[in-house]
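Structure first, commentary second.
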Amino acid sequence: MKYFLTYTVFLLAILSSTAQDKVNWLSFEAAISLNKENPKPILIDVYTDWCGWCKKMDRDTYSNKTIVKTINDNFYAVKLDGEEKKDIFFKGQTFKFQENGRKGYHQLAAALLNGKLSYPATVFMNKKEELLQNIPGYHQKEKFEVILAFFMNENYRTYKWQDFQNNFKSNF
């Protein structure tokens with residue numbers, strides 16, 4: 001059953017990616033499962049339902065065709081609610097919802113954001129599922145294009161951010 005679910009998710013991701021009209025968002029578990037079979041970097045959008053800047057980033061950045069194509073072609077994209085209620089098992093640990101005041105937070109979101117719960121935040125993991133960087137805040141499509149390009153094809157290994165950013169040629 002596990003392999004059937006993985007195959008189905010993978011097939012749907014491939015079929016959806018041909019349309020390139022929206023980001024193929026996956027659950028965290030689905031991205032990790034797909035990564036085991038076909039390794040790719042993982043992009044995680046950490047958001048909350050009440051976050052206005054998260055909604056603006058969805059509307060203005062994640063809906064742009066250039067951004068959509070770049071993400072779908074180069075990453076497994078995950079939407080992770082920073083206040084997710086269900087448990088997520090990752091690398092031998094179960095991450096749970098942690099009550100805190102009126103709202104609370106998910107332990108995985110806190111771990112990925114180094115305890116600095118700020119929304120939206122974009123987290124990049126490499127093919128080995130290791131945390132590379134978390135980048136807090138809203139980003140316009142032009143800046144986000146550069147960020148995506150820096151983390152694809154392991155450009156972060158050979159370039160310093162400032163040099164990469166100064167020499168980047170935009171598709172906009």
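The values are calculated or read from the model by the stated rules, or taken from the named source; none is laboratory data. A quick note: this is a predicted structure, and the numbers were derived from the prediction, not measured. Glycine also receives a Cβ, built like all others from the backbone with ideal geometry; neighbour counts cover every protein chain displayed. The area values use the complete protein model at the heavy-atom level, side chains included, leaving out ligands, DNA and RNA. Shrake-Rupley method; radii C 1.70, N 1.55, O 1.52, S 1.80 Å.
In the range 57-90, which residue that is in a helix (DSSP H, G or I) and β-branched (Val, Ile, Thr) is farthest from the chain's Cα centre (by Cα)?
Thr66
Could you look through the range 91-105, keep only residues that are touching a residue at least 12 places away in the same chain (Cβ under 8 Å) and either in contact with a Cys (Cβ under 7 Å, 6 or more places away or on another chain) or part of a strand (DSSP E or B) (or both), and pick out the one that is farthest from Asn35 (Cα to Cα)?
Gln98
Which residues, counting only those in the range 80-94, are basic (Lys, Arg) and under 17 Å from Ile42 (Cβ atoms)?
Quick first cut of the range 80-94, residues basic (Lys, Arg) only: 85-86, 91.
Within the range 80-94, just Lys91 meets the criteria.
Residues that are among the small types (Gly, Ala, Ser): list the helices (runs of 4 or more DSSP H) wholly contained in the range 113-172 that include at least 1 such residues.
Counting at least 1 such residues, we get 141-151.
Mind checking which residues of the range 18-56 are within 10 Å of the chain's Cα centre (by Cα) and open to solvent by less than 10 Å² (accessible area, probe 1.4 Å)?
Phe28, Ala31, Ile42, Leu43, Ile44, Asp45, Val46
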